[in-house]
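Quick notes on the structure that follows.
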Amino acid sequence: MIQLEKLVKVYGSAKALDGLSLSVAAGEFFAFLGPNGAGKTTVIRILNGMTAMTSGRALIGGHDLAREPLAVKRLCGLAAQNLNLDGELSVRENLEIHGLLFGMSRADRQARSRELLEYVEMEERAGSLVKTLSGGLKRRLMIARALLHRPRLLFLDEPTVGLDPAIRRRLWGLIKKIRQDGVTVFLTTHYIEEAEFLADRVAFIHQGRLVSQGTPAELVAALGAWVVDRFGDAGIETRYFEAREEARRYLAENEFEGALRRVNLEDAFLAQTGKRVTE
Ligand code: ATP
């Protein structure tokens, strides 16, 4: 569904993307994980026609982005990172305008809006002005709107940023359901748990480059299964173990303040880049 070849994006003297290549298969749930400024939004902006790449090639659903931008646009839905809804219009009207822009018939717009408001559990808010909605409801509406014209590829750019943990988890449940319709999902996030919970495959992005990719299990496997974090004056020192018993023994036999936990994607990212995703 997505094939990127050596994508470069230069802003002034800074390289936001530095020769990024990757593929995403149809029906896959793919997550791009990286810290702020890594280049995630730049990829989404390029693929959604919001900025031009400096060099490289992008194929979406077999269409070359540079030569067939409209064909690509029809295939894609985008829930952007910034809340770009119209606050002065109702929930239903925001969906209506999006449907008009994508050339949907009146009957289709109405039926699909009802269906999606039910999907995001917002039927009762159809008539509410968007400016009266909570942050979590606005995010849900952004997703409903992005799905309205039945895209085959959905981009979710940091869809839960700024939400409290309980609301974030609820949104994850909803996002997970999107794949049931066979939609390919391209998610960007700097939340480790979000990538682990949602994605089939995760790619690490750092300083505009792809560092590595694989299933969450593959990415952490090289390190071991368990970690002991040792808290010291110089910061946290981590040690990896294959077996929990081994890690427990290490913790029990050594007199230091520490904690035992499972290896996660943050550990894998740190091991490969020397940086934390959440720094
Ligand atoms: P975030 O989650 O903070 O948006 P990101 O991984 O999506 O992070 P990008 O927004 O793609 O990162 O930014 C990548 C780099 O490009 C950063 O160094 C950023 O400052 C720079 N950048 C992004 N947009 C512009 C712009 N319009 N002009 C100049 N530099 C930009």
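Things worth noting here:
- Under Karplus coefficients 6.51, -1.76 and 1.60, residue-wise ³J(HN,Hα) of the range 148-165 in Hz, glycine/proline x: 3, 8, 6, x, 8, 10, 10, 9, 10, 9, 6, x, 10, 4, x, 8, 6, x
- Here's the picture: charge each Lys and Arg Cβ at +1 and each Asp and Glu Cβ at -1 in the chain, and of GLY224, HIS63, LEU17 the one pushed furthest to the positive end of that dipole is HIS63.
- Over the residues of the chain, the helix contribution to mean residue ellipticity at 222 nm works out to -10500 deg cm²/dmol, using -39500 (n - 2.57) for each DSSP H run of at least 4.
- In this Cβ point-charge picture (+1 for Lys and Arg, -1 for Asp and Glu), the range 1-45 has a dipole of about 180 debye about its Cα centre.
- The range 16-61-the range 140-215 distance, computed between alpha-carbon centres (Å): 14 Å
- Available extension along the chain between SER55 and ALA26 is 8.0 nm, counting 0.36 nm per residue and deducting the alpha carbon span.
- Computed from backbone phi with θ = phi - 60° and the Karplus coefficients 6.51, -1.76 and 1.60, the 3J(HN,Hα) list for the range 243-255 is 10, 4, 4, 4, 5, 4, 4, 4, 5, 6, 7, 10, 9 Hz; x is used for glycine and proline.
- Computed over every Cα-Cα pair of the range 199-245 and binned at 10 Å starting from 0, the pair-distance distribution P(r) comes out as 23, 34, 36, 7 percent.
- Within the range 167-207: backbone nitrogen closer than 19 Å to the TYR11 label point (7 Å, Cα to C-beta): 188-190, 205-207
- Of ALA166, ALA38, ALA221, the one that fluctuates the most in a GNM where the chain has Cα springs shorter than 10 Å: ALA166
- Placing dummy labels 7 Å off each Cα toward the beta-carbon, the span from LYS275 to ALA166 is 3.5 nm.
- GNM result for the chain, Cα springs below 10 Å: residue of ALA259, ALA247, ALA66 fluctuating most strongly: ALA259
- Neighbour-count ranking [beta-carbon atoms within 10 angstrom, fewest first] of GLU253, GLU68, GLU88, GLU218: GLU253, GLU88, GLU218, GLU68
- Of GLN180, GLN81, GLN213, the one that fluctuates the most in a GNM where the chain has Cα springs shorter than 10 Å: GLN180
- Phi-based couplings in Hz for the range 203-219 (Karplus 6.51, -1.76, 1.60; Gly and Pro marked x): 10, 8, 10, 8, 6, x, 10, 7, 8, 6, 8, x, 6, x, 5, 5, 5
- Think of each Lys and Arg Cβ as +1 and each Asp and Glu Cβ as -1; about the Cα centre, that makes the dipole of the range 2-214 roughly 260 debye.
- Between LEU83 and GLN207, the modelled labels are 3.6 nm apart [label points 7 Å from Cα along Cα→Cβ].
- Dipole magnitude (debye, nearest 20) for the range 140-259, charges at Cβ of Lys, Arg, Asp, Glu: 1000 debye
- Using a Förster distance of 41 Å, the FRET efficiency for ALA222-SER134 (Cβ separation, nearest 0.05): 0.50
- Taken over the chain, the alpha-carbon convex hull comes to 148 cubic angstrom per residue.
- This ranking places SER90, SER21 by how few other beta-carbon atoms lie within 10 Å of each, fewest first, which gives SER21, SER90.
- The ranking of LEU210, LEU101 from fewest to most other beta carbons within 10 Å of each one's beta carbon is LEU101, LEU210.
All of the numbers you see were taken from the coordinates with simple rules; none came from a lab. Just so it is clear, the structure is predicted and the values come from calculations on it, not from any experiment. Reconstructed Cβ throughout: ideal geometry from the backbone, glycine too, with neighbour counts over all protein chains shown.
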